[in-house]
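Heads up: the structure comes next, in structure tokens.
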Amino acid sequence: MNLLKLAWRNVITNPLNLLLSVVLFALGIGLINFLLLLNDQLKDKFDKNLAEIDMVIGAKGSPLQMILCNMYHIDNPTGNISVKNAKPFLRPGHPLIKRSVPLSLGDSYKSFRIVGTNHSILELYNGEIAEGKLWTGGLEATIGAAVAEETGLSLGQQFVSSHGFDDELDMTHDHASFTVKGILKPTGSVLDQLILVPSAAIWEVHDHSEDELDVHGEAEEHAGHNHKGDEHHGHHHQEHDHSEHDHHHHGDHDHGGHHHEAHVHDNTIEDLLSHEDKEITSILVQFKSRTNFQALNMPRNINENTDLQAASPAIEINRLYSMIGVGTDAIRYLALLIAFVSGLSIFISLYKSMRERKYELSLMRVSGASRSNLLVLILLEGLILAVIGFVVGIVLSHVAMQIAGNVMSDTYRYQFVAWEMGKNELVLLGLSLVLGAVASIIPAIKAFKTDIHQTLSKG
Amino acid sequence: MLKTESLKYSYGNNQTFDFPDIHCDAGSKLLILGKSGIGKSTLLHILGGLIKPKGGNVYVDNKNLNSFSGAQLDKFRGANIGIIFQRNHFVRSLNVIENLLLTQKFSGEKTDRNEALHILDKLDLGHKIYNKTEDLSEGEKQRVTIARSVINKPKLILADEPSSALDDFNCEKVISLLEEQAQAINAALVVVTHDARLKDIIPNQIVLS
């Protein structure tokens, strides 16, 4: 029977007081830790998905919306831009641009977004193939790790995309089914949540939907299309459908060395650029130098001089942080308030028990306990309450993170980690101990000062 | 074993107590009688080192209580003086035997569970050792208090009105238990009371006036 054990027995001897103190304390600590966990993970997600992208070019509209849509895939597109307008930024050899990735959005499968793009997107997010191969042309798809896990799609399987991002609307494209050709390794970035297909595949799917006419015959004209570098040929067949099977009719038109399957749309940037009449959603741009003056001015120039909109992710995301910041600040103050109230409840419960326990405290003194023993005893009781509250609070915060993660992983296109220890939890433990000590110091001093003669004379 | 020299105590200005010198040897008994308000409890608290007298000295086991500092006095008291108060108080969160073990612990002794069990057995409490103290009857509480006062084998046992709440039968029983236990460890037993029934039981008496 030492002081710690005695303190423990005293704490558990009054379950209702214990419950009240622990619940309040756990709420305070739990809420604070949940906010920190959420904040860390969201920030981590946003940072990871920044992927050193310096500029996003898309249709005019809200720049933040454009960033959220094209980099985080959590908002709708601002609109589309024509390949013709996008061409200057996609063409290789731009003096300021290191890498530009065209994106075509608009379809989804089981609420995972289908992104028409080329292989350069993998370089942004360090994507690597885990199984199968990369998408090349036609209706081939390579899917992110999370997509594979959640939808159960595997190599060789076919799936039908639906128009828009909302799975509940029945807007399936009946005609076109994509074939899973490859699955990517997990990257921890938004890439895990995407279904990657050739840019042209998006057009094909949509041309079918928009125009049910079978135009195979006419398609022959455009189908011999691999005029690489011929930027003008596109307008000859604006109206025409680009479906794969067209080419079975026109073997003669084939240009030397090109295989039928490969040359429909081989998903090269040249192929994309050759279709000026077509549209894409956006371009993700990395600059050669982030400090280059001209590069830094590029978004403004684009916004002022073209029909396109350009935005810097870093600026927009910071704007977002500062907007959300107001809300999280409010919750943080609320959590601090709860933490204060929980400290107060420990104080009141201990202080009240001092009155009830003054005889037994005096008795301990008679039995040989010193004033300091009593001081330590009461401090220990406060600390025990704080530690229990802390542990319960931390568990609660992770449970909340688990629930929130499940709810938000769809919305935010991000797998939240619920059961990893947050880096602030040790700090919170320290904070809890301080709070417990502060709450119990006055009762402890009262115990220290107990006048045993007075108390026992009256008893 | 217990010796006092010209003890004085005062509460403010109006109440001043001058106590007669007291002497009590190891293994012997002393009854201190007096009316209410005469300073009986005050004297007992001075003897037990719960308060310092305004004048005079108390020697327990030839040690002057005035010579100890606060924490030293607590330790000395815990190890050498067992006190029984008018009312029975226990550490509520602990059961019967744990209350005894805690008393051992605070006195600086090693806790000895067998010793505690032995004493509780002798006091007919062997079947109540795991009970909460608040579930005990008054008589049982009194016996636990006695057990607690002797667990550390003190040299001096002080009892403040140990019989005031008891009927004749239990009064006699408690006092004889107390005597037995004091005898067993050769402690000096000092009982402070206004209870005239005890006059016939303990012949060695001092009357406060």
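The values are calculated or read from the model by the stated rules, or taken from the named source; none is laboratory data. Since the structure is predicted, the reported quantities are computational estimates derived from the model, not experimental observations. Here the Cβ is made from the backbone with ideal geometry for all residues, glycine too, and neighbour counts use every protein chain on show. The accessibility values were calculated without ligands, DNA or RNA, using every heavy atom of the protein model including side chains. Shrake-Rupley method; radii C 1.70, N 1.55, O 1.52, S 1.80 Å.
Those strands (runs of 3 or more DSSP E) of the range B:10-71 in which at least 1 residues are of a type in the set (A, V, I, L, M), considering only elements entirely within it, cover B:29-33, B:55-60. For the residues B:I51, B:I81, B:I38, the requirement of being of a type outside the set (G, A, S), surrounded by fewer than 23 Cβ atoms within 10 Å (Cβ to Cβ) and within 19 Å of A:S362 (Cα to Cα) singles out B:I51. Quick test for you: out of B:N131, B:N114, pick the one residue that is more than 25 Å from A:K358 (Cα to Cα) and surrounded by fewer than 16 Cβ atoms within 10 Å (Cβ to Cβ). One residue alone meets the criteria, B:N114. In the range A:1-22, the residues that are more than 11 Å from chain B (Cβ to nearest Cβ) and at pLDDT below 95 form Cβ pairs under 7 Å with partners that are part of a helix (DSSP H, G or I) and surrounded by fewer than 18 Cβ atoms within 10 Å (Cβ to Cβ), at six or more places apart or across chains, as follows: A:L18/A:I12; A:V22/A:V392.
Of all residues assigned to the range B:62-77, none qualifies as being touching a Leu at 6+ places or on another chain (Cβ under 6 Å), surrounded by 19 or more Cβ atoms within 10 Å (Cβ to Cβ) and among the hydrophobic types (A, V, I, L, M, F, W, C).
Here is the figure for the range B:80-106: residues that are farther than 12 Å from B:R148 by Cα and under 15 Å from the mean Cα position of the chain (by Cα) total 3. Taken over the range A:88-111, the residue count meeting the criterion of being over 27 Å from A:Q158 (Cβ atoms) and open to solvent by 10 Å² or more (accessible area, probe 1.4 Å) is 12.
When the range A:305-322 is examined, which residues are found to be out of contact with any helix residue (DSSP H, G or I) (no Cβ under 9 Å at 6 or more places or on another chain) and either under 19 Å from A:L64 (Cβ atoms) or open to solvent by less than 40 Å² (accessible area, probe 1.4 Å) (or both)? Passing the criteria: A:N318, A:S322.
Okay, residues lined up against (1) charged (D, E, K, R); (2) assigned to a loop (DSSP other than H, G, I, E, B):
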{"site": "A:S289", "(1), (2)": "no, yes"}
{"site": "A:N301", "(1), (2)": "no, no"}
{"site": "A:E304", "(1), (2)": "yes, no"}
{"site": "A:S322", "(1), (2)": "no, no"}
